[in-house]
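No value in this document is a laboratory result; all are computed from the given coordinates. Note that the structure is predicted; figures quoted are calculated from it, not measured. Because the Cβ atoms are built from the backbone with ideal geometry, glycine has one as well, and the counts that use them run over all protein chains shown.
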Amino acid sequence: MEKGYKNCQSCGMPLKRDEKGGDTNADGSKSIMYCSRCYENGKFTRPDITVGQMKELVKGKLKEFGFPGFIAGFFTRNIPKLERWRK
């Protein structure tokens, strides 16, 4: 049995904030690792994005929502440690 995650393992967004509650794997089962913005039908929505680009994308989104830059940086610092980016 796979363990559930609190945050998307690609972008770090809390999965409880995902309006779809996560997307689906290729077999139609619910993804317990990734949000619907990062993952659809068993594939990443941005397969070629780098970890650095993901950090900038998330930082930009947080700033759009009114978070100051240093807070956005704080929230994105752990993105490289998420499952998608571990190598």
Cα axis of helix 51-64 to longest principal axis of the chain: angle in degrees, 0 to 90, nearest 10?
70
For volume of the Cα convex hull per residue in Å³, the choices are (i) 99; (ii) 160; (iii) 91; which was calculated from the structure?
(i)
Note down the relative contact order for segment 15-85 as a percent, whole number, built from C-alpha pairs under 8 angstrom at least six residues apart.
20
Value at 222 nm in deg cm²/dmol, rounded to 500, when DSSP H runs of n ≥ 4 in the chain each add -39,500 (n - 2.57):
-7500 deg cm²/dmol
Can you compute the charge dipole magnitude of the chain about its Cα centre, using +1 on each Lys and Arg Cβ and -1 on each Asp and Glu Cβ, nothing else charged? Give it in debye, rounded to the nearest 20.
340
Using a Cα-Cα cut-off of under 18 Å, which lysines could be cross-linked to Lys55, ignoring same-chain neighbours fewer than 8 residues away?
Lys63, Lys81, Lys87
Positive dipole terminus of the chain, leading residue within Gly21, Cys11, Ala72 (C-beta point charges)
Ala72
